[in-house]
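The values are calculated or read from the model by the stated rules, or taken from the named source; none is laboratory data. Not measured: the values here are computed from a predicted model. Neighbour counts run over all protein chains shown; Cβ positions are idealised from the backbone, glycine included. Ligands, DNA and RNA are excluded from the accessible area calculation, which covers all protein heavy atoms including side chains. Shrake-Rupley method; radii C 1.70, N 1.55, O 1.52, S 1.80 Å.
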Amino acid sequence: MSSSPTKLGKYEVLDVAGRGNMGTVYVGFDPFADRKVAIKVCAIEDKSSSTQTTRLARKMFFNEAHLAGTLDHPSILHVLDAGEQDGQPYIVMEYVEGGGTLSPHCSADNLLPIIRVGEIMYQCAKALDYAHRRGVIHRDIKPSNIMLTHDGNIKIGDFGVAQATQSEATQIMGVLGSPRYMSPEQANEDEVTNQTDLYSLGVLVYELLTGQPPFNEQGFSRLMYKILHEDPPPLKDIRPEVPEELDRIVARSMRKRTDDRYKMGNEIAADLALAFRQLKEPETSIPSDDERFAKARQLNFFGDFSDSEVWEVLRASVWESYSAGERIITEGNVDDCFYIIVDGEVSVRKGVQEISKLSKGDCFGEMGYLSKTKRTASIIANEGISLLRINSSLMDRASVYCQFRFHKVFIHTLIERLTRTSEQLVPDS
C-alpha cells in the first residue's frame with residue numbers, strides 16, 4: 001500500500017479517515033479558509049487497471065464533483081473543490097467532525113429509537129426533494145452514503161453515480177447502485193426518475209427500523225427477482241411497535257409501480273410530519289378540533305384570515321404542549337418550523353443569557369422556516385404552554401389563497417421582529 005501524500009493541491013493532508021473500493025478519504029486542512037476538510041482521492045491508477053475501469057472511475061469522480069457541487073443544502077455533504085494531482089483526481093468536501101454513517105444502526109442490536117428513524121427519513125426526504133427539483137438523481141441511496149452528525153442531523157454524500165435529468169452530457173448508465181437498495185426500475189434497467197431515490201430511502205428506513213433488509217437474498221438474480229415481483233415482510237411483523245402511519249409511509253415508498261409510489265420527497269416529509277404529531281401527542285392532551293380553532297381564531301396572527309383559511313393552517317400545524325422548563329428549540333439545531341404561542345410564556349436564551357420573553361400571540365422560528373438555518377437561540381417554556389408548530393412541507397399543500405395570506409402575515413411578523421431587534425441594538429441618544 002502506498003504511503004499517504006503530505007499535500008494535495010493547496011490542502012495539507014493530516015490523517016486517513018477511511019478507505020474503500022473507489023478511493024481513500026483523508027482529513028485535510030485548508031490554510032486559506034483555516035478549516036478542516038475531507039479529501040477523497042480516486043483509488044484506481046492507470047498503470048494497474050483496465051482503460052475502461054479507469055475511465056469509469058474518473059468519470060464517477062468528476063460526476064460527483066460537478067453534480068454535488070451544484071447543490072447547497074444543510075442535509076447534503078458540501079463539495080468545496082476538485083482537482084487532480086499526478087494523474088489522480090480528488091474531491092474536497094466539508095469535514096463532519098465526529099460523524100459516522102447510518103450503517104451501524106442497520107443491525108438488530110443497535111437500532112435507533114423509532115421517532116429518531118422518522119426524523120432521519122424526514123431530513124432525507126427534504127434533502128432529496130431539494131436535489132430532485134434541481135434535476136439531480138442520486139441513484140445510490142444507502143446507509144453507508146448517509147452520515148449522521150454529532151448533533152443528530154444527516155448529510156447525504158457520494159454522488160458518484162448521480163444523474164442529471166436535464167443534461168446533454170453523457171451520463172453514467174447501466175445497472176448502478178447497491179443491489180439491496182435498487183428500485184424495480186433499476187433492476188429492470190428501465191428509465192430512472194427521482195422516485196428511484198425515494199424507493200431506496202424506503203428500503204433504508206425499513207432496515208433502520210428492523211435491522212434487516214426487506215430482501216436478503218445472497219444471489220444477484222434471486223435478489224432482483226424479489227425486488228421485481230415480491231413484497232417484503234410487513235414491518236409490524238418484525239417490529240410490532242412501529243406505528244401504523246410510519247409503516248404505511250415506508251410501504252408506499254417501496255411500491256413496485258411508480259404510480260403507486262410517492263412522487264416527491266416533500267410528500268413523504270408532509271406525511272411524516274403528520275405521523276410525528278400522532279407519535280408525540282397522547283390522545284388525552286390534544287384539544288378537540290373545535291377547541292383548537294376557537295383558540296387560534298383569537299390570535300392576532302389570524303386576524304385577516306377567513307375561517308376556512310384558519311382551518312387550513314391548523315391542518316398544516318402540530319398542536320404541542322410543554323411544561324415549565326422544557327426546551328422547545330435548542331440553539332444550533334436545524335429545522336424548518338415556525339411557531340405561534342397559543343397560551344403561556346417562553347424565554348429566549350443565547351447561551352445562558354435570557355434575551356427576551358414571548359407570550360400568547362407571539363411567534364418565533366421565522367428564519368429557520370425560511371431557510372432551514374441553525375437556530376441562533378434556545379426557546380424554553382417558563383410555564384405550561386401550548387403552541388402551534390407550523391411545518392413548511394404541510395403549508396405547501398394549502399390553497400394558493402391561504403399560502404398568500406399566511407406569507408403576507410409571516411413577512412409582516414418577521415419585519416416587526418427585525419425592527420424591534422434593531423431598536424434594541426441602537427443605544428438611546
Kindly report, to the nearest 10 Å², the accessible surface of TYR339 as traced by a 1.4 Å probe over protein heavy atoms only. 10 Å²
Fully extended contour minus Cα-Cα distance, from ASP289 to ALA164, at 0.36 nm per residue: 40.5 nm
Full-stretch length increase - LYS236, ARG297 - with 0.36 nm per residue and alpha-carbon distance subtracted: 18.0 nm
Under 5 Å from the placed amide H of ASP81, counting only residues 5+ away or on other chains, we find VAL92
Tell me, what is the 1.4 Å probe accessible area of LYS10, in Å² to the nearest 10? 80 Å²
Extension gain, LEU370 back to GLU97 (0.36 nm per residue minus Cα-Cα distance, nm): 95.6 nm
Could you list, in their original order, any pairs among LYS142/LYS256; LYS226/LYS263; LYS126/LYS372; LYS126/LYS295; LYS10/LYS36; LYS10/LYS40 whose Cα atoms are separated by more than 20 Å? LYS226/LYS263; LYS126/LYS295
So, taking all protein chains as they sit and a 1.4 Å probe, how much accessible area belongs to SER4, in Å² rounded to tens? 50 Å²
Efficiency of FRET from Cβ geometry, ARG134 and ARG327, R₀ 51 Å, rounded to 0.05: 0.90
LEU228 versus SER356: modelled label distance in nm, points set 7 Å from Cα along the beta carbon direction: 6.2 nm
Pseudo-spin-label distance ARG116 to LYS7, built 7 Å along Cα→Cβ, given in nm, is 4.2 nm
Ranked order, ILE154, ILE411 - accessible area, probe 1.4 Å, largest first: ILE411, ILE154
Among 303-310, 209-216, 257-264, the order from most to least packed when residues are scored by Cβ within 10 Å on average: 209-216, 257-264, 303-310
For the range 182-239, the accessible surface attributable to carbon and sulfur atoms (probe 1.4 angstrom, ligands and nucleic acids excluded) amounts in percent to 41 percent
With the dipole of the range 173-234 worked out from charges on the C-beta (+1 for Lys and Arg, -1 for Asp and Glu) around the Cα centre, which of GLN218, MET182, LEU198 lies farthest toward the positive end? GLN218
